[in-house]
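The values are calculated or read from the model by the stated rules, or taken from the named source; none is laboratory data. Remember, it's a predicted structure, so these values are computed and weren't measured experimentally. Reconstructed Cβ throughout: ideal geometry from the backbone, glycine too, with neighbour counts over all protein chains shown.
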Amino acid sequence: MLHVDLDQFIAAVEMLRRPELAGRPVVIGGDGDPTKRAVVATASYPARERGVHSGLPMRTAARRCPDAVFLPVDKAAYQDASDQVMAALRQLGHVTEVMGWDEAFVATATDDPESVATRIREHIKVATRLDCSVGIGQNKLQAKIATGFAKPAGVFRLTRQNWFTVLGDRPTGSLWGIGAKTERKLAELGIRTVAELAAADVAAVTARFGPMIGPWLVQTGRGIASAEVTAEPYVPRSRSREITFQQDIDDWSTVREEVLRLAEQVSSDVRAEKRPAVRIVVKVRYAPFFTSTHGHALAEPTSEGAEIARAALAALDGFTDRRPVRLLGVRAEFAADSPDH
């Protein structure tokens, strides 16, 4: 199992168009104006070394890295570059599962996965002029985490043999799928490292996280995960729209109107997907920067704009805090077992 991940993908695409940016701190987000409200989509490695990362407010990025080059998001260019990369990857004949713009899993039967990984890196570089890193593992979890150790432009193998040597003393948040909230909850149980999670009592973890998440967490600590790779085309699990307001909205009737407008846009995206939505989620970012979400399940899968709008308003009703709002988002989620998925 190999995980192929493009290095600083969006920034790298921009540097192909502007070679003079190579080696410089580059930040991409919004319309490229760091004085406006927007968040960082990605940053080049030199900018990351200065504390700039995706999701950071652009204004904060400008304070941390005032000499950075700020550029607007160009989704069409990134999609085109991604298409070229994935086409090049498929040319090598391996079973390839695309996971998004800049990453894919590859399954191959070989006694020398490092050679395969090196071949992949070289082929993508020649075909697209973009660098990638390749993680090797016995399953998706191992390969995905291995890629982090391979960056930039390298190869790293992580298997059951070296799992605890490499990860045992690292925090549980180092594992794919474990975010900051889960990491904090695990710490409340006295579980702080990967080794501690692997050795944890499954019943105790299940009591805290439930019958689905609990056992999965312990398995993840042990490096156990799916090893299945499918060549089926990548299908998004959701479609969403967001808007950041340059001035906070404190009138919640206006918030309601904006949610309806976003829901209409999302409805168009859902119809274009030709897959019905099953759940609608509304995101609210309050001033200065606290984010909360509420979801509402649809009575039945639908692509109807009126039903999606009603669900969005129902989700909005879940917000009882009426503080000023700086960002709104509406997301339509598709069923995981959709026939076309």
* Would you check if there is a residue in segment 179-192 being of a type outside the set (A, V, I, L, M), farther than 30 Å from Tyr286 by Cβ and over 19 Å from the mean Cα position of the chain (by Cα)? => yes
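Identify all residues within segment 227-259 that are among the β-branched types (Val, Ile, Thr) and free of Cβ contacts under 8 Å to residues at least 24 places away in the same chain; write none if there are none.
If the condition is that a residue be among the β-branched types (Val, Ile, Thr) and free of Cβ contacts under 8 Å to residues at least 24 places away in the same chain, then Thr254 is the only one that fits.
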* To do: From (1) over 19 Å from Thr230 (Cβ atoms); (2) outside the structural domain of Gly32 (by TED's automatic domain parsing); (3) of a type outside the set (Val, Ile, Thr), pick out the condition that doesn't hold for Leu89.
  => (1)
* Select from segment 1-20 the residues that are of a type outside the set (Asp, Glu) and surrounded by fewer than 18 Cβ atoms within 10 Å (Cβ to Cβ) and list them in ascending order. => Leu16, Arg17, Arg18, Pro19
* Filtered residues of segment 154-169 (kept if farther than 23 Å from Leu130 by Cβ and of a type in the set (Lys, Arg)) -> Arg160
* Asked: Can we say Asp111 is in a loop (DSSP other than H, G, I, E, B) and closer than 20 Å to Val134 by Cβ?
  -> yes
* Index of the failed condition, Glu183 passing every other in (1) closer than 30 Å to Arg59 by Cβ; (2) out of contact with any Ser or Thr (no Cβ under 6 Å at 6 or more places or on another chain) -> (2)
* To do: Would you check which residues across segment 239-269 are more than 26 Å from Thr35 (Cα to Cα) and in contact with a Lys or Arg (Cβ under 6 Å, 6 or more places away or on another chain) and list them?
  => Gln265, Val266, Asp269
* To do: State which residue pairs qualify: first residue in contact (Cβ under 8 Å) with a residue 40 or more places away in the chain and inside segment 277-299, second residue assigned to a loop (DSSP other than H, G, I, E, B) and of a type outside the set (D, E, K, R) in any location, beta carbons under 8 Å apart, and separation of 6 or more residues or different chains.
  => Ala277/Ser303; Val278/Ala335; Val282/Gly318; Val282/Phe319; Val284/Phe319; Tyr286/Pro324
* Asked: Going by the conditions given, is Ala150 in contact with a strand residue (DSSP E or B) (Cβ under 8 Å, 6 or more places away or on another chain), touching a residue at least 12 places away in the same chain (Cβ under 8 Å) and crowded, with 19+ Cβ neighbours inside 10 Å?
  -> yes
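List the helices (runs of 4 or more DSSP H) inside segment 1-94, counting only whole elements, that have at least 3 residues being touching a strand residue (DSSP E or B) at 6+ places or on another chain (Cβ under 6 Å) and closer than 20 Å to His123 by Cα.
Numbers: elements: 9-17, 45-48, 58-64, 75-90.
Counting at least 3 such residues, we get 75-90.
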